[in-house]
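Computed from the coordinates by the stated procedures, all read-outs in this text should not be read as laboratory data. Just so it is clear, the structure is predicted and the values come from calculations on it, not from any experiment. Note that we place each Cβ from the backbone using ideal geometry, even for glycine, and neighbour counts take in every protein chain shown.
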Amino acid sequence: MVNYNPHNKYSKSYPPNSIHNFLGHPSGINTSVQIGLFNHHRFAFYYWNLWKNESLKENGKIDIDLISYDWHQDLVYPQESCKKELTNLDTKNSFEISFFSSYRLNSLNDSHIMSAVYLDIVNDVWILCRQGKFEQDWKDEYLDDYKGKKHTIRKFKTEESLQKALFLSKIKNVFFDIDLDYFTLNNNIEPKDKYKYMKDSEIKNLLSCDNILIQWIFERLNGITIALEPEHTGGISKSFKYLSSIEKLWFDKPLGNFDVQWKHLK
């Protein structure tokens, strides 16, 4: 029988095929921040939990909101059976959370956000997305976590509307989450259909360190998660293209290297 315990009990047990980097903080303050990169968006649950625990050790009680750029809304609520499993999780056990993220969260990669909200790993959610045919799809949603705390989930069609709402908020800490399929203009397409994409100049304007919304996010940053999701970008080469676009905008060398630096701080 396979032994499902980690070989090294002190290992962080990161999810399969994921990488992470420690970086200086993009605001220039004297602290570090981490970035997690992976294929399947559900693996973000692991990193959000890890970073929330690290923040709790340093700061005591802390609320961290999630800002996500994603073509899909990814807001499937945990069912009662899943809620029970979530509350039974040992959120301080890195291997257990890694296994849960990989093999117990929905393989469709659409339940990780609300699961994180239910455990109060994430406070409120702000999603810039494209999915939603009807006006009711864009209404705010609410979820009471396992302790009864109410969380608000807000969805936005445009960067401008997201920016306006965030600038009126009193948020102090955020996770910044990017699913690379956001750069597609059409998704959930038929096999014979072709993907359409944002222009490179539009992506640059959206994520540039000169963008005032990005600056606002960076000032409050507690971690960045990036999902490649090649099944929804038009293939792995497309995912790598858009990952490379982010790297060229933000960093002096590709992720996975030692001592990656923010370009705008050099």
Query raised in the report: By count of other Cβ within 10 Å, fewest leading, how are Tyr103, Tyr14, Tyr195, Tyr47 ordered?
Result: Tyr103, Tyr195, Tyr14, Tyr47
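Going by how many other beta carbons lie within 10 Å of each one, how would you line up Met198, Met114, fewest first? Please list the in-between numbers first.
Details: Met198 16, Met114 23.
With the sparsest Cβ surroundings first, the list reads Met198, Met114.
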Query - Under 17 Å from the Cα of Lys61 - aspartates and glutamates, other chains or at least 8 residues apart - result: Asp120, Asp124, Asp145
Query raised in the report: What order do you get for Thr184, Thr31, Thr87, Thr225 when you list them from fewest to most C-beta neighbours inside 10 Å?
Result: Thr31, Thr87, Thr184, Thr225
Query raised in the report: For segment 108-150 and segment 8-61, what is the separation of their Cα centres, given in Å?
Result: 21
Query raised in the report: Any idea how many Lys pairs in segment 144-187 come in under 23 angstrom at the alpha carbon, given 8 or more places apart or on separate chains?
Result: 12
Query raised in the report: Once amide H atoms are placed 1.01 Å from N in the peptide plane, what residues at a sequence separation of 5 or more from Trp262, or on another chain, have their amide H within under 5 Å of its amide H?
Result: Gly24
Report task. Report the extension gain between Lys194 and Ser161 in nm, rounded to one decimal, defined as 0.36 nm multiplied by the number of residues separating them, less their alpha carbon distance. Result -> 9.0 nm
Requested in this report: Mind listing the long-range amide H neighbours of Ile64? Cut-off is under 5 Å, sequence gap 5 or more, other chains count too, H placed in the peptide plane at 1.01 Å from N.
Outcome: Asn123
**Report entry** Burial order of peptide ranges 132-140, 19-27 (average beta-carbon count within 10 Å, highest first)
**Finding:** 19-27, 132-140
Query - ³J(HN,Hα) computed for each position of segment 224-234 - Karplus, 6.51 cos²θ - 1.76 cosθ + 1.60, integer Hz, glycine/proline x - result: 10, 10, 10, 9, 6, 6, x, 5, 10, 10, x
**Report entry** ³J(HN,Hα), Karplus 6.51/-1.76/1.60, whole Hz, each residue of segment 33-40, x for Gly, Pro
**Finding:** 9, 10, 10, x, 10, 7, 6, 9
Query raised in the report: Where Lys and Arg each count +1 and Asp and Glu each count -1, what net charge lies around Lys253 among other residues with Cβ under 15 Å from its Cβ?
Result: 0
Requested in this report: Mind checking the full-extension length gain between Ser201 and Ser244? Use 0.36 nm per residue of separation minus the Cα-Cα distance, one decimal, nm.
Outcome: 14.1 nm
